[in-house]
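The values are calculated or read from the model by the stated rules, or taken from the named source; none is laboratory data. It should be emphasised that the depicted structure is a prediction, and the values quoted were computed from it without experimental measurement. Backbone-built Cβ (ideal geometry, glycine too); neighbour counts: all protein chains shown.
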Amino acid sequence: MRIEPVVPRPRKKRNLPSRRYAVIGGIGLVLLGILFFRLWSLQIVTGDKYLAEANQNRTREIRVPAPRGRILDREGNVLVDNRTSMALQLDPIEIPTEPAARRELFTRVGEVLGHDAEWVRRKYRDSIENDPPGSPITLDQDVDDEIVYYLQEHQADFPEVQINRIFVRKYPQGLLGAHILGSVGEVTAEDLEENPDKDLAAGDTLGQTGIEMTYDDELRGSPGLTRLQVDSTGRIISQLPSSLPEPGDSVRLSIDQGVQLAGESSLQSIGLPGAFVVMDVKTGEVLGLGSNPTFDPSIFTKPLTQQQVDDLYDEDLDAPLFDRAIGGQYAVGSIFKPVTALAGLDAGLITPSTVVNDAGTITIADQPFDNAGKTPHGPVDLRRSLEVSSDVYYYILGRDMNGTRQLQNWAGDFGFGRATGIDIPGESEGLIPTPKWVNEAHAEQPEFYDRWAIGQNVQFAIGQGYFQASPLQMAVAYSALGNGGTVLRPKLMLQTEDAAGRVVSESEPEVTGEVPMDPADRQVIMEGLHDAAQSPEGTSYKVFGGFPVKIAGKTGTSERTNEPDQSWYAALAPYDDPEIAVVVTVERGGFGADTAAPVTLQILQEYFGKQARAVSGGTGSVE
C-alpha cells in the first residue's frame with residue numbers, strides 16, 4: 001500500500017484592506033482616548049477656571065474716576081469746581097490691527113464727528129505716542145447729545161467706540177487766581193512710573209501745576225469700578241455689582257477773593273507785566289498773589305493747539321503763563337533799604353541819629369553814585385533817609401560794609417537767596433551777590449559779569465546790581481519787619497475738607513528763621529517808612545496821604561538793562577501794629593510812586609474797606 005506524502009495546505013492570505021482598517025481603527029481609538037482625557041481635563045480638572053474666564057469675557061470693567069475736590073477761597077467761595085462732560089473715546093483693544101480696517105474705522109468715526117479720517121488718525125497717533133499703553137484714546141469732549149444717542153443706537157456698528165462721562169474742571173470766577181490754582185492733565189507713562197504708590201491708571205487725571213499739583217493727593221479722591229455684562233457684540237446686557245468712586249477732599253485757601261480781585265484788576269488796568277503779593281505778617285497766610293498778564297485756566301480742560309501753547313510762553317506777549325509773583329527775579333530798588341539800615345545799625349556804622357549830608361551825589365572809588373534825578377536832600381538821619389529815600393545815605397553804608405559779609409548775612413536772615421517754601425511750585429531762589437559768586441560768574445561769562453569791586457556792594461545796598469529777589473521774597477521780608485523779626489513760610493492752604501464740609505486737616509504757621517533786630521532800631525525804621533508814605537515830604541504822600549489807615553510804605557525804582565525802570569512798592573498796615581504786608585511791582589512802570597503805589601492803594605482799600613481822601617501839596621521826591 002502506497003502512502004502519499006502529506007502536503008500542508010497553503011494558508012489563506014489576509015486581505016490588504018482589512019489590515020489597513022485595523023491600523024486606522026487603532027489610531028482612531030488612540031485619538032478618541034486622547035480626546036476623552038482632554039474633555040475630562042477641561043470639564044473636571046480645570047472646568048472651574050475656564051468657566052470663570054468665560055464669564056470674564058462677558059464682563060466689561062470700567063474704571064470710574066472720582067470727582068476732584070473743589071478749591072475754595074478763605075470764605076468758602078468756589079474758585080474751582082467740576083462739571084460733567086461726555087467724552088468720545090476709542091478702546092485701544094478693539095481697534096483693528098489691519099491698516100485697511102483701521103482706516104475704514106477712522107473714516108466712519110470721523111464722519112460721525114464731522115471730521116475726516118486724517119483728523120482721527122492724528123488723534124490716535126498723538127495718544128499712542130504720549131499716553132500710557134492701554135489708555136482710552138479720547139477723540140473729543142463735550143460731545144453733542146445727538147452724537148451720543150446715535151452711537152448708543154448703533155453700538156453694534158461701533159464696538160470700538162465708548163461714550164464715557166468724565167469730570168472736567170470749571171472756574172466760576174473766570175481768570176481769578178489762575179497762577180495759584182494751576183491745572184490738571186491726563187497721566188502719562190512717566191507719571192505712572194514715577195508714582196507707583198498712587199492709585200493711578202491710564203486715563204486718570206493728575207495735578208500738573210499750582211494748587212492742583214501740590215495737593216493732588218487730597219483733591220484726587222478714589223476711583224470706582226463699573227462692571228457690565230455684555231454679549232459677543234459688546235452690547236450691554238445688564239449691570240453687575242459695582243463700586244462707587246469717593247470724591248476728593250476740598251482745599252480751602254487763605255486767598256481773600258476781594259483782595260485778589262483788587263490786585264488783579266488794578267494790574268490789568270495798567271496793561272504792563274507785574275505782580276503783587278499780600279501776606280498776613282503774623283501767620284504767613286497769603287491773602288492775595290497774582291501775576292500779569294494772566295491766562296484763562298479753562299483752556300487746559302481741552303487739548304491745547306500749538307498756537308495756544310506758543311502764546312502762553314511768547315515773550316512778545318509777556319509770557320502769560322509765567323508767574324512773576326513767585327518766579328520773577330528782579331533788582332528791587334529802594335524797598336530793600338530797611339535791610340541795609342538794620343545791617344548798618346548792627347555793625348555800629350550808624351545810630352538812628354547819625355546825620356549824613358546828602359548833596360545828591362557821592363563819589364566812591366572814582367565812580368559817581370547819584371540820587372534819583374541827583375536831587376539833594378541835605379542833612380538826613382536814618383528816619384529821614386527813608387522818608388525822602390536818600391540813596392547817598394545807603395551808598396555810604398554799602399561802601400563801609402564792603403569787605404565784610406554784614407549786608408549779605410542780614411539779607412540771608414530775611415530769607416533772600418533761598419526759596420520761601422510756598423506751597424505751589426515754580427518759585428525762584430533769587431540771588432545774594434557775594435565776591436566769590438560774582439568772580440566765579442565773571443570767570444565763566446566775562447562778557448556778562450564784572451569782577452567784584454566796591455561798587456558792587458554800593459549797588460547792593462539800594463537793592464540794585466546783581467541782587468535778585470521775587471515779590472514773594474520781599475513780602476516775606478516785610479512781614480518779618482512788621483512782626484518784629486519772625487520769618488514765616490508763606491502758605492496758601494488753610495485746611496482740607498471732606499465732601500460733607502468736615503475739616504480733615506489744618507495748616508499751622510511755620511517759622512523758617514529769626515532776624516535779630518533790636519526793637520528800638522525796628523521802631524525807627526517803621527517811623528521812617530510811615531513818614532515816607534504819609535508825611536508831606538514822603539515819596540508816596542500824594543498816593544497815601546489821604547488814606548485813613550496809618551501805614552508804613554516804601555517806594556522803589558529799579559533799573560533794568562535795555563528796559564525802562566521797574567516800579568516797586570512795599571507796605572505794612574496798620575503802621576502801629578501791622579496785620580498785612582503788600583508788595584507790588586510793575587515792569588516798565590517807571591517810578592515806584594507812579595504805578596506800583598496806586599495798585600497797593602487799591603489793595604489796601606479793599607482790605608480795610610476804606611477809601612483814600614484826595615490830598616494836595618506835598619514836597620516829597622518821586623521815586
Since E218 meets every condition but one in (1) surrounded by fewer than 17 Cβ atoms within 10 Å (Cβ to Cβ); (2) assigned to a helix (DSSP H, G or I), which condition does it not meet?
(1)
If A319 passes every condition in (1) under 27 Å from E563 (Cα atoms); (2) without any contact (Cβ under 8 Å) to a residue 60 or more places away in the chain; (3) in contact with a His (Cβ under 8 Å, 6 or more places away or on another chain) but one, which one does it miss?
(3)
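Each row is one residue, and each column tells you yes or no for (1) free of Cβ contacts under 8 Å to residues at least 60 places away in the same chain; (2) within 26 Å of D323 (Cβ to Cβ); (3) crowded, with 17+ Cβ neighbours inside 10 Å.
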{"position": "A533", "(1), (2), (3)": "yes, no, yes"}
{"position": "G546", "(1), (2), (3)": "no, no, no"}
{"position": "I580", "(1), (2), (3)": "no, yes, yes"}
{"position": "K610", "(1), (2), (3)": "no, no, no"}
Members of the range 443-469 found to be of a type in the set (S, T, N, Q) and under 25 Å from R399 (Cα atoms), listed by number
Q456, N457, Q459, Q464, Q468
From the list E193, E212, pick out the single residue that is closer than 22 Å to E427 by Cβ, in a helix (DSSP H, G or I) and within 22 Å of the chain's Cα centre (by Cα).
E212
Counting only residues that are surrounded by fewer than 16 Cβ atoms within 10 Å (Cβ to Cβ) and without any contact (Cβ under 8 Å) to a residue 60 or more places away in the chain, the range 355-375 contains a total of 9
Going through (1) more than 16 Å from the chain's Cα centre (by Cα); (2) assigned by TED's automatic domain parsing to the domain that holds E579 one by one, L289 fails only at (1)
Answer residue from the range 137-177, given it is assigned to a loop (DSSP other than H, G, I, E, B) and free of Cβ contacts under 8 Å to residues at least 40 places away in the same chain and is farthest from P65 (Cα to Cα) among those
H154
In the range 553-564, how many residues are in contact (Cβ under 8 Å) with a residue 60 or more places away in the chain and buried (at least 21 other Cβ atoms within 10 Å of the Cβ)?
5
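Looking at S334, S269, can you tell me which residue is within 22 Å of F608 (Cβ to Cβ) and either assigned to a helix (DSSP H, G or I) or touching a residue at least 40 places away in the same chain (Cβ under 8 Å) (or both)? Lay out the reasoning, then the answer.
On the way: S334 fails: within 22 Å of F608 (Cβ to Cβ).
Every option except S269 fails the conditions.
Per-residue answers, yes or no, for (1) under 30 Å from V78 (Cα atoms); (2) of a type in the set (D, E, K, R):
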| site | (1), (2) |
| --- | --- |
| H442 | no, no |
| W452 | no, no |
| G463 | no, no |
| Q468 | no, no |
| L472 | yes, no |
| A475 | yes, no |
| S479 | yes, no |
| E497 | yes, yes |
| P516 | no, no |
Any idea which of (1) out of contact with any Phe, Trp or Tyr (no Cβ under 8 Å at 6 or more places or on another chain); (2) not in a loop (DSSP other than H, G, I, E, B) is the one A201 doesn't satisfy?
(2)
Do we find that P338 is at pLDDT 95 or above and over 30 Å from M526 (Cα atoms) in this structure?
no
The number of residues in the range 188-198 that are under 16 Å from S135 (Cβ atoms) and surrounded by fewer than 11 Cβ atoms within 10 Å (Cβ to Cβ) is 2
Restricting to the range 550-580, give me the number of residues that are touching a Leu at 6+ places or on another chain (Cβ under 7 Å) and assigned to a loop (DSSP other than H, G, I, E, B).
2
Between a first residue in the range 243-257 that is closer than 9 Å to R220 by Cα and not assigned by TED's automatic domain parsing to the domain that holds A499 and a second residue that is among the charged types (D, E, K, R) and surrounded by fewer than 23 Cβ atoms within 10 Å (Cβ to Cβ), which pairs have beta carbons less than 8 Å apart while being 6 or more apart in sequence or on different chains?
G248/E218; D249/E218; D249/E497; D249/D498
Out of (1) in contact with an Asp or Glu (Cβ under 8 Å, 6 or more places away or on another chain); (2) aliphatic (A, V, I, L, M); (3) over 14 Å from S385 (Cβ atoms), the one A325 does not meet is (1)
Is it true that some residue in the range 120-133 is aromatic (F, W, Y), in a helix (DSSP H, G or I) and not assigned by TED's automatic domain parsing to the domain that holds S291?
yes
Within the range 556-575, count every residue that is hydroxyl-bearing (S, T, Y) and over 23 Å from D280 (Cβ atoms).
4
Evaluate the range 106-119: report whether one residue or more is among the acidic types (D, E), exposed (fewer than 13 other Cβ atoms within 10 Å of the Cβ) and modelled with pLDDT under 85.
no
Here are some residues: V586, V599. Which one is within 17 Å of S470 (Cα to Cα), in contact with a Leu (Cβ under 8 Å, 6 or more places away or on another chain) and among the β-branched types (V, I, T)?
V586
Going residue by residue through the range 505-522, is there one that turns out to be part of a strand (DSSP E or B) and at pLDDT below 95?
no
Pick from the range 606-623 the residues that are in contact with a Phe, Trp or Tyr (Cβ under 8 Å, 6 or more places away or on another chain) and more than 19 Å from A469 (Cβ to Cβ): which of them is modelled with the lowest pLDDT?
V622
